[in-house]
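Please read the structure below before turning to the comments.
The values are calculated or read from the model by the stated rules, or taken from the named source; none is laboratory data. Just so we're clear, the structure is a prediction, and the values are computed from it rather than from any experiment. Note that each Cβ is placed from the backbone with ideal geometry, even for glycine, and that neighbours are counted across all protein chains shown. Surface areas here come from the heavy atoms of the whole protein model, side chains and all, with no ligands, DNA or RNA. Shrake-Rupley method; radii C 1.70, N 1.55, O 1.52, S 1.80 Å.
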Amino acid sequence: AKAAGRGRVMLFEPSMEARIRDRWALMADLAHAAENGELELAYQPLLDTASRRTGGFEALLRWRHPSRGMIRPDEFIPLAEESGLIIAIGEWALRAALAEAAKWPEELSVAVNISTRQLAHAQFLDTIITALMDTCIDHRRLELEVTESALLSETNLPILTEINHLGVGIALDDFGTGYSSLSYLQRFQFSKLKIDRSFIRSVPADAKSKAIVRTVVDLARTLGMHVTAEGVETAEQFEWIAENCDQVQGYFIARPMSAAEIPAYLAFESDK
Ligand code: C2E
Ligand code: CA
Ligand code: CA
Ligand code: CA
(Lines give C-alpha, C1' and ligand atoms only; values in the text may rest on other atoms or scores of the structure.)
(Ligands and ions follow the chains in the order given, each with its own letter.)
Protein backbone atom coordinates (compact mmCIF):
# COMPACT_ATOMS: atom_id res chain seq x y z
CA ALA A 1 0.00 0.00 0.00
CA LYS A 2 2.96 2.29 0.68
CA ALA A 3 4.06 2.31 -2.96
CA ALA A 4 0.61 3.26 -4.19
CA GLY A 5 0.98 6.86 -3.05
CA ARG A 6 -1.07 8.95 -0.73
CA GLY A 7 -4.24 9.18 -2.80
CA ARG A 8 -4.47 5.45 -3.45
CA VAL A 9 -3.75 4.47 0.14
CA MET A 10 -6.74 6.54 1.20
CA LEU A 11 -9.05 4.22 -0.72
CA PHE A 12 -8.08 1.29 1.47
CA GLU A 13 -8.25 3.13 4.76
CA PRO A 14 -9.87 0.71 7.20
CA SER A 15 -11.94 3.58 8.55
CA MET A 16 -13.60 4.04 5.19
CA GLU A 17 -14.19 0.34 4.75
CA ALA A 18 -15.62 0.27 8.26
CA ARG A 19 -17.89 3.17 7.44
CA ILE A 20 -19.24 1.42 4.35
CA ARG A 21 -19.82 -1.77 6.33
CA ASP A 22 -21.51 0.30 9.01
CA ARG A 23 -23.87 1.86 6.48
CA TRP A 24 -24.85 -1.59 5.26
CA ALA A 25 -25.43 -2.81 8.78
CA LEU A 26 -27.59 0.21 9.52
CA MET A 27 -29.59 -0.31 6.33
CA ALA A 28 -30.16 -3.97 7.22
CA ASP A 29 -31.41 -2.89 10.66
CA LEU A 30 -33.63 -0.25 9.10
CA ALA A 31 -35.39 -2.92 7.06
CA HIS A 32 -36.81 -4.32 10.30
CA ALA A 33 -37.13 -1.13 12.31
CA ALA A 34 -40.84 -0.63 11.63
CA GLU A 35 -41.89 -4.23 12.34
CA ASN A 36 -39.70 -4.26 15.48
CA GLY A 37 -41.53 -1.21 16.78
CA GLU A 38 -38.36 0.90 16.80
CA LEU A 39 -39.84 3.81 14.84
CA GLU A 40 -41.61 6.66 16.58
CA LEU A 41 -43.01 10.01 15.67
CA ALA A 42 -42.25 13.18 17.57
CA TYR A 43 -44.72 16.03 17.18
CA GLN A 44 -43.84 19.70 17.00
CA PRO A 45 -46.56 22.35 17.43
CA LEU A 46 -47.42 24.80 14.66
CA LEU A 47 -48.63 27.96 16.36
CA ASP A 48 -51.27 30.09 14.60
CA THR A 49 -50.10 33.66 15.07
CA ALA A 50 -53.57 35.27 14.83
CA SER A 51 -55.07 33.26 17.71
CA ARG A 52 -51.76 32.45 19.45
CA ARG A 53 -52.99 28.85 19.65
CA THR A 54 -51.77 25.55 18.28
CA GLY A 55 -53.15 24.95 14.80
CA GLY A 56 -51.58 21.53 14.38
CA PHE A 57 -48.45 19.43 14.73
CA GLU A 58 -45.72 18.31 12.35
CA ALA A 59 -44.86 14.60 12.67
CA LEU A 60 -41.09 13.96 12.74
CA LEU A 61 -39.62 10.46 12.50
CA ARG A 62 -37.37 9.03 15.20
CA TRP A 63 -35.57 5.69 15.20
CA ARG A 64 -34.91 4.14 18.58
CA HIS A 65 -32.15 1.71 17.59
CA PRO A 66 -31.71 -1.20 20.07
CA SER A 67 -27.94 -0.73 20.46
CA ARG A 68 -27.14 2.69 18.99
CA GLY A 69 -29.85 4.67 20.72
CA MET A 70 -31.89 7.42 19.12
CA ILE A 71 -30.98 8.08 15.47
CA ARG A 72 -31.99 11.39 13.87
CA PRO A 73 -33.91 11.40 10.58
CA ASP A 74 -31.11 13.25 8.78
CA GLU A 75 -29.01 10.12 9.31
CA PHE A 76 -31.47 7.44 8.27
CA ILE A 77 -33.94 9.07 5.84
CA PRO A 78 -31.22 9.24 3.13
CA LEU A 79 -30.54 5.50 3.68
CA ALA A 80 -34.25 4.78 3.50
CA GLU A 81 -34.53 6.74 0.26
CA GLU A 82 -31.54 5.02 -1.34
CA SER A 83 -32.73 1.54 -0.43
CA GLY A 84 -36.40 2.10 -1.24
CA LEU A 85 -37.36 1.36 2.37
CA ILE A 86 -38.84 4.86 2.51
CA ILE A 87 -41.98 3.52 0.81
CA ALA A 88 -42.81 1.25 3.75
CA ILE A 89 -41.46 3.63 6.40
CA GLY A 90 -43.29 6.58 4.89
CA GLU A 91 -46.55 4.65 4.88
CA TRP A 92 -45.98 3.67 8.50
CA ALA A 93 -45.40 7.34 9.41
CA LEU A 94 -48.49 8.51 7.53
CA ARG A 95 -50.71 5.93 9.24
CA ALA A 96 -49.23 6.52 12.68
CA ALA A 97 -49.62 10.29 12.35
CA LEU A 98 -53.25 10.02 11.21
CA ALA A 99 -54.10 7.57 14.00
CA GLU A 100 -52.61 10.01 16.50
CA ALA A 101 -54.37 13.06 15.03
CA ALA A 102 -57.69 11.23 15.28
CA LYS A 103 -57.35 11.57 19.08
CA TRP A 104 -56.81 15.34 19.01
CA PRO A 105 -59.43 18.11 18.99
CA GLU A 106 -60.98 18.29 15.52
CA GLU A 107 -59.60 21.69 14.61
CA LEU A 108 -55.99 20.50 14.78
CA SER A 109 -54.15 19.43 11.65
CA VAL A 110 -51.26 17.03 11.20
CA ALA A 111 -48.36 17.57 8.80
CA VAL A 112 -46.43 14.59 7.41
CA ASN A 113 -43.13 14.81 5.50
CA ILE A 114 -43.04 13.04 2.15
CA SER A 115 -39.95 12.03 0.13
CA THR A 116 -39.33 12.06 -3.59
CA ARG A 117 -39.56 8.31 -3.92
CA GLN A 118 -42.94 8.19 -2.22
CA LEU A 119 -44.39 10.74 -4.66
CA ALA A 120 -42.99 8.79 -7.58
CA HIS A 121 -44.41 5.49 -6.31
CA ALA A 122 -47.35 4.21 -8.37
CA GLN A 123 -49.45 3.31 -5.31
CA PHE A 124 -48.96 6.59 -3.46
CA LEU A 125 -52.43 8.03 -4.09
CA ASP A 126 -54.03 4.72 -3.02
CA THR A 127 -51.92 4.71 0.13
CA ILE A 128 -53.17 8.18 1.06
CA ILE A 129 -56.81 7.37 0.32
CA THR A 130 -56.74 4.08 2.25
CA ALA A 131 -54.98 5.61 5.23
CA LEU A 132 -57.54 8.45 5.36
CA MET A 133 -60.44 6.00 5.11
CA ASP A 134 -59.04 3.71 7.80
CA THR A 135 -58.75 6.57 10.29
CA CYS A 136 -62.05 8.25 9.32
CA ILE A 137 -60.35 11.61 9.66
CA ASP A 138 -61.46 14.78 7.85
CA HIS A 139 -59.13 14.98 4.82
CA ARG A 140 -58.60 18.68 5.38
CA ARG A 141 -56.79 17.93 8.62
CA LEU A 142 -53.93 16.26 6.74
CA GLU A 143 -51.13 18.25 5.19
CA LEU A 144 -48.21 16.79 3.24
CA GLU A 145 -44.86 18.57 3.34
CA VAL A 146 -42.78 18.18 0.21
CA THR A 147 -39.40 19.75 -0.55
CA GLU A 148 -38.25 21.21 -3.81
CA SER A 149 -35.99 18.22 -4.40
CA ALA A 150 -38.97 15.94 -3.97
CA LEU A 151 -40.63 17.72 -6.85
CA LEU A 152 -37.67 17.55 -9.19
CA SER A 153 -39.51 15.35 -11.59
CA GLU A 154 -42.22 17.06 -13.61
CA THR A 155 -44.25 13.84 -13.37
CA ASN A 156 -44.83 14.40 -9.64
CA LEU A 157 -47.01 17.46 -10.13
CA PRO A 158 -50.17 15.64 -11.40
CA ILE A 159 -50.14 13.32 -8.36
CA LEU A 160 -49.96 16.34 -6.05
CA THR A 161 -52.95 17.84 -7.83
CA GLU A 162 -54.96 14.65 -7.29
CA ILE A 163 -54.03 14.55 -3.61
CA ASN A 164 -54.97 18.20 -3.29
CA HIS A 165 -58.38 17.42 -4.79
CA LEU A 166 -59.01 15.07 -1.85
CA GLY A 167 -58.83 18.15 0.37
CA VAL A 168 -55.34 17.36 1.64
CA GLY A 169 -53.08 20.41 1.98
CA ILE A 170 -49.70 20.50 0.25
CA ALA A 171 -46.95 22.57 1.85
CA LEU A 172 -43.68 23.49 0.14
CA ASP A 173 -41.05 22.80 2.81
CA ASP A 174 -37.63 24.46 3.25
CA PHE A 175 -38.72 27.22 0.88
CA GLY A 176 -35.87 29.21 -0.59
CA THR A 177 -33.16 26.57 -0.33
CA GLY A 178 -33.72 24.83 -3.68
CA TYR A 179 -32.78 25.90 -7.16
CA SER A 180 -36.14 26.44 -8.75
CA SER A 181 -38.53 27.44 -5.99
CA LEU A 182 -40.25 30.06 -8.07
CA SER A 183 -40.83 27.82 -11.03
CA TYR A 184 -42.64 25.32 -8.76
CA LEU A 185 -44.90 28.10 -7.55
CA GLN A 186 -45.74 28.84 -11.14
CA ARG A 187 -46.73 25.26 -11.84
CA PHE A 188 -48.56 24.20 -8.70
CA GLN A 189 -50.97 25.80 -6.22
CA PHE A 190 -49.46 24.99 -2.82
CA SER A 191 -51.58 25.60 0.25
CA LYS A 192 -48.60 26.72 2.30
CA LEU A 193 -44.97 27.85 2.12
CA LYS A 194 -42.61 26.99 4.93
CA ILE A 195 -39.77 29.51 5.01
CA ASP A 196 -36.53 27.71 5.72
CA ARG A 197 -34.79 28.16 9.05
CA SER A 198 -31.72 29.65 7.33
CA PHE A 199 -33.69 32.84 6.58
CA ILE A 200 -35.27 33.03 10.03
CA ARG A 201 -31.97 32.60 11.86
CA SER A 202 -30.70 36.17 11.30
CA VAL A 203 -34.03 37.94 11.74
CA PRO A 204 -34.57 40.66 12.98
CA ALA A 205 -30.91 41.79 13.15
CA ASP A 206 -30.07 41.31 9.48
CA ALA A 207 -31.81 43.66 7.05
CA LYS A 208 -31.30 41.37 4.06
CA SER A 209 -32.95 38.38 5.76
CA LYS A 210 -35.84 40.58 6.83
CA ALA A 211 -36.30 41.83 3.28
CA ILE A 212 -36.27 38.24 1.97
CA VAL A 213 -38.84 37.06 4.52
CA ARG A 214 -41.09 40.06 3.83
CA THR A 215 -40.90 39.44 0.11
CA VAL A 216 -41.67 35.73 0.48
CA VAL A 217 -44.67 36.57 2.68
CA ASP A 218 -45.89 39.09 0.07
CA LEU A 219 -45.47 36.57 -2.68
CA ALA A 220 -47.33 33.89 -0.72
CA ARG A 221 -50.24 36.24 -0.05
CA THR A 222 -50.45 37.28 -3.68
CA LEU A 223 -50.52 33.64 -4.75
CA GLY A 224 -53.07 32.66 -2.08
CA MET A 225 -50.82 30.57 0.16
CA HIS A 226 -50.35 30.50 3.91
CA VAL A 227 -46.87 31.07 5.33
CA THR A 228 -45.12 29.26 8.17
CA ALA A 229 -41.76 30.32 9.60
CA GLU A 230 -39.69 27.37 10.81
CA GLY A 231 -36.84 27.34 13.29
CA VAL A 232 -37.98 30.27 15.45
CA GLU A 233 -35.72 30.05 18.50
CA THR A 234 -35.80 33.42 20.27
CA ALA A 235 -38.35 35.94 21.55
CA GLU A 236 -36.92 38.58 19.21
CA GLN A 237 -37.39 36.35 16.20
CA PHE A 238 -40.88 35.45 17.35
CA GLU A 239 -42.00 39.04 17.82
CA TRP A 240 -40.89 40.06 14.36
CA ILE A 241 -42.11 36.88 12.65
CA ALA A 242 -45.50 36.76 14.36
CA GLU A 243 -46.49 39.99 12.65
CA ASN A 244 -45.55 38.64 9.26
CA CYS A 245 -46.42 34.94 9.13
CA ASP A 246 -49.59 32.89 9.69
CA GLN A 247 -47.83 30.17 11.61
CA VAL A 248 -44.67 29.83 13.64
CA GLN A 249 -42.74 26.66 14.45
CA GLY A 250 -39.56 26.34 16.46
CA TYR A 251 -37.87 25.70 19.76
CA PHE A 252 -39.15 29.04 21.05
CA ILE A 253 -42.69 27.65 20.91
CA ALA A 254 -41.88 24.04 21.72
CA ARG A 255 -39.45 21.27 20.83
CA PRO A 256 -40.81 18.14 19.17
CA MET A 257 -42.59 16.04 21.82
CA SER A 258 -43.88 12.49 22.14
CA ALA A 259 -47.50 11.72 21.33
CA ALA A 260 -48.10 11.09 25.04
CA GLU A 261 -47.11 14.66 25.93
CA ILE A 262 -49.62 16.31 23.59
CA PRO A 263 -52.74 16.29 25.83
CA ALA A 264 -50.86 18.05 28.66
CA TYR A 265 -49.38 20.56 26.22
CA LEU A 266 -52.83 21.43 24.84
CA ALA A 267 -54.38 21.58 28.33
CA PHE A 268 -51.65 23.97 29.47
CA GLU A 269 -52.31 26.16 26.45
CA SER A 270 -56.04 26.42 27.05
CA ASP A 271 -55.37 27.40 30.69
CA LYS A 272 -53.38 30.43 29.61
P1 C2E B 1 -37.86 19.41 8.32
O2 C2E B 1 -39.05 18.82 7.65
O3 C2E B 1 -37.38 20.71 7.81
O4 C2E B 1 -38.23 19.46 9.86
C5 C2E B 1 -37.80 20.47 10.74
C6 C2E B 1 -36.56 20.07 11.49
O7 C2E B 1 -36.09 21.18 12.26
C8 C2E B 1 -36.81 18.95 12.52
O9 C2E B 1 -35.61 18.20 12.64
C10 C2E B 1 -37.05 19.76 13.80
O11 C2E B 1 -36.82 19.01 14.98
C12 C2E B 1 -36.05 20.86 13.62
N13 C2E B 1 -36.42 22.08 14.35
C14 C2E B 1 -37.63 22.52 14.69
N15 C2E B 1 -37.58 23.71 15.31
C16 C2E B 1 -36.27 24.04 15.38
C17 C2E B 1 -35.56 25.19 15.91
O18 C2E B 1 -36.13 26.13 16.46
N19 C2E B 1 -34.21 25.18 15.76
C20 C2E B 1 -33.54 24.15 15.16
N21 C2E B 1 -32.22 24.23 15.07
N22 C2E B 1 -34.18 23.07 14.64
C23 C2E B 1 -35.54 23.03 14.74
P24 C2E B 1 -35.63 16.62 12.65
O25 C2E B 1 -36.82 16.14 13.43
O26 C2E B 1 -34.27 16.13 13.03
O27 C2E B 1 -35.91 16.24 11.13
C28 C2E B 1 -34.96 16.54 10.14
C29 C2E B 1 -35.50 16.32 8.76
O30 C2E B 1 -35.78 14.92 8.52
C31 C2E B 1 -36.84 17.01 8.50
O32 C2E B 1 -36.61 18.37 8.24
C33 C2E B 1 -37.33 16.23 7.30
O34 C2E B 1 -36.74 16.70 6.13
C35 C2E B 1 -36.82 14.83 7.60
N36 C2E B 1 -37.93 14.01 8.15
C37 C2E B 1 -38.40 13.94 9.41
N38 C2E B 1 -39.44 13.07 9.50
C39 C2E B 1 -39.66 12.60 8.26
C40 C2E B 1 -40.60 11.68 7.67
O41 C2E B 1 -41.51 11.13 8.32
N42 C2E B 1 -40.48 11.43 6.33
C43 C2E B 1 -39.53 12.03 5.56
N44 C2E B 1 -39.46 11.75 4.25
N45 C2E B 1 -38.64 12.92 6.07
C46 C2E B 1 -38.70 13.20 7.40
CA1 CA C 1 -41.07 19.40 7.26
CA1 CA D 1 -38.52 22.38 6.86
CA1 CA E 1 -35.21 20.81 6.58
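Things worth noting here:
- Only one of ALA111, ALA120, ALA97, ALA80 that is more than 14 Å from the chain's Cα centre (by Cα), among the small types (Gly, Ala, Ser) and within 10 Å of ligand 1 (Cβ to nearest atom): ALA80
- Taking each residue of segment 188-200 that is hydroxyl-bearing (Ser, Thr, Tyr) and looking for partners that are part of a helix (DSSP H, G or I) with beta-carbon atoms closer than 8 Å, six or more apart or interchain, yields SER191/ASN164.
- Filtered residues of segment 215-232 (kept if of a type outside the set (Asp, Glu) and either under 15 Å from THR49 (Cβ atoms) or crowded, with 17+ Cβ neighbours inside 10 Å (or both)): VAL216, VAL217, ALA220, ARG221, MET225, HIS226, VAL227, THR228, ALA229, GLY231, VAL232
- The lone criterion from (1) open to solvent by less than 20 Å² (accessible area, probe 1.4 Å); (2) in a helix (DSSP H, G or I) left unmet by GLU81 is number (1).
- Any hit, segment 39-47, residues being over 17 Å from the mean Cα position of the chain (by Cα), among the polar types (S, T, N, Q) and surrounded by 14 or more Cβ atoms within 10 Å (Cβ to Cβ): no
- Segment 247-262, residues that are closer than 24 Å to LYS103 by Cα, open to solvent by less than 90 Å² (accessible area, probe 1.4 Å) and within 15 Å of ligand 1 (Cβ to nearest atom): GLN247, VAL248, GLN249, GLY250, ILE253, ALA254, PRO256, MET257, SER258, ALA259
- If you go through segment 233-246 and keep only what is away from ligand 2 (no atom under 16 Å from the Cβ) and either crowded, with 22+ Cβ neighbours inside 10 Å or closer than 10 Å to LYS194 by Cβ (or both), you end up with just ILE241.
- Total residues in segment 125-158, condition under 17 Å from the mean Cα position of the chain (by Cα), within 15 Å of ligand 1 (Cβ to nearest atom) and crowded, with 17+ Cβ neighbours inside 10 Å: 10
- Test: ASP22 is modelled with pLDDT under 90, under 27 Å from the mean Cα position of the chain (by Cα) and either surrounded by 12 or more Cβ atoms within 10 Å (Cβ to Cβ) or part of a helix (DSSP H, G or I) (or both): yes
- Qualifying residue in segment 106-115 (condition: over 23 Å from GLY55 (Cα atoms) and surrounded by 22 or more Cβ atoms within 10 Å (Cβ to Cβ)): no
- Taking every residue in segment 126-149 that is more than 14 Å from ALA101 (Cβ to Cβ) and pairing it with any residue that is open to solvent by 20 Å² or more (accessible area, probe 1.4 Å) and at pLDDT 95 or above, at least 6 positions away or on another chain, the pairs with Cβ-Cβ distances below 6 Å are THR127/GLU91; GLU145/ASN113.
- Subset of segment 136-178 (residues that are of a type outside the set (A, V, I, L, M), in a helix (DSSP H, G or I) and more than 16 Å from ligand 3 (Cβ to nearest atom)): HIS139, ARG140, ARG141, ASN156, PRO158, THR161, GLU162, ASN164, HIS165
- Applying the condition of being within 16 Å of ligand 1 (Cβ to nearest atom) and among the hydroxyl-bearing types (Ser, Thr, Tyr) to segment 159-190 and asking which residue is surrounded by the most Cβ atoms within 10 Å (Cβ to Cβ) yields SER181.
- Test set (1) farther than 22 Å from GLU106 by Cα; (2) of a type in the set (Phe, Trp, Tyr); (3) not in a loop (DSSP other than H, G, I, E, B) - PHE252 fails condition number: (3)
- Of the criteria (1) in contact (Cβ under 8 Å) with a residue 24 or more places away in the chain; (2) surrounded by fewer than 16 Cβ atoms within 10 Å (Cβ to Cβ); (3) away from ligand 4 (no atom under 16 Å from the Cβ), which one ALA211 fails: (1)
- Some residue of segment 153-175 being polar (S, T, N, Q), touching a strand residue (DSSP E or B) at 6+ places or on another chain (Cβ under 6 Å) and farther than 19 Å from PHE252 by Cα: yes
- Flag if TRP92 is surrounded by 14 or more Cβ atoms within 10 Å (Cβ to Cβ) and part of a loop (DSSP other than H, G, I, E, B): no
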